[in-house]
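See structure below.
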Amino acid sequence: MSSTSTTPMEDTIREKITTAFSPSTLIIRNDSHKHAHHAAMQGVASKETHFHVTITSSAFQSKMQAARHRMVYALLKDEMSREGGIHALQLRTRTPEEEEREKARQSQA
């Protein structure tokens with residue numbers, strides 16, 4: 001039985017990031033509904049244009065945030081350049097060690 005996904009862009013993002021970065025944490029939030037009223041989005045049929053993505057991966061070890069973000073943008077360049085593709089991508093990238101430090105800080109708060 002073949003089923004067509006209702007979230008093909010999110011599926012593509014998840015597949016590409018999982019393959020490229022083997023993340024220990026991957027959270028993809030579709031924020032497109034928050035931006036549907038924007039002028040730039042008028043007439044765009046896609047409901048998958050704005051994403052907030054949190055990635056924890058050792059692939060980001062010893063890289064600055066800007067370099068990490070470039071890695072993700074390069075990975076998703078086709079999806080970002082496509083008509084009706086990703087219009088906005090908000091990223092949160094961290095290493096497993098950074099995630100652990102963050103969790104430790106939150107538990108102390």
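Just so you know, all these numbers are worked out from the coordinates, no wet-lab data involved. Small disclaimer: the values here were computed from a predicted structure and weren't measured. For neighbour counting, all protein chains shown are included, and Cβ atoms are generated from backbone atoms with ideal geometry for every residue, glycine included.
Our coupling estimate for region 14-23, obtained by passing each phi through the Karplus curve with A = 6.51, B = -1.76, C = 1.60 and θ = phi - 60°, is 4, 5, 5, 5, 4, 5, 6, 10, 6, x Hz, Gly and Pro reported as x.
Around the Cα centre of the chain, unit charges on the Cβ atoms of Lys, Arg, Asp and Glu (plus for the first two, minus for the last two) sum to a dipole of about 280 debye. Spacing of the modelled spin labels on Lys34 and Leu75, each 7 Å from Cα toward Cβ, amounts to 2.1 nm. Normalised by the number of residues in the chain, the mean separation of alpha-carbon contacts (under 8 Å, six or more apart) gives a relative contact order of 29 percent.
Computed from the C-beta positions of Ala20 and Ala109, the FRET efficiency with R₀ = 30 Å rounds to 0.35. Taking Cβ atoms as reference points and 13 Å as the exclusive limit, the residues near Lys16 contribute a net charge of -3, counting Lys and Arg as +1 and Asp and Glu as -1.
Computed per residue of the chain from DSSP H runs no shorter than four, each worth -39500 (n - 2.57), the mean residue ellipticity at 222 nm is -12000 deg cm²/dmol.
Counting only alpha carbon atoms, the long axis of helix 96-108 and the longest principal axis of the chain meet at about 80°. Neighbours of Thr95 by Cβ distance under 11 Å: Lys/Arg scored +1, Asp/Glu scored -1, total -1.
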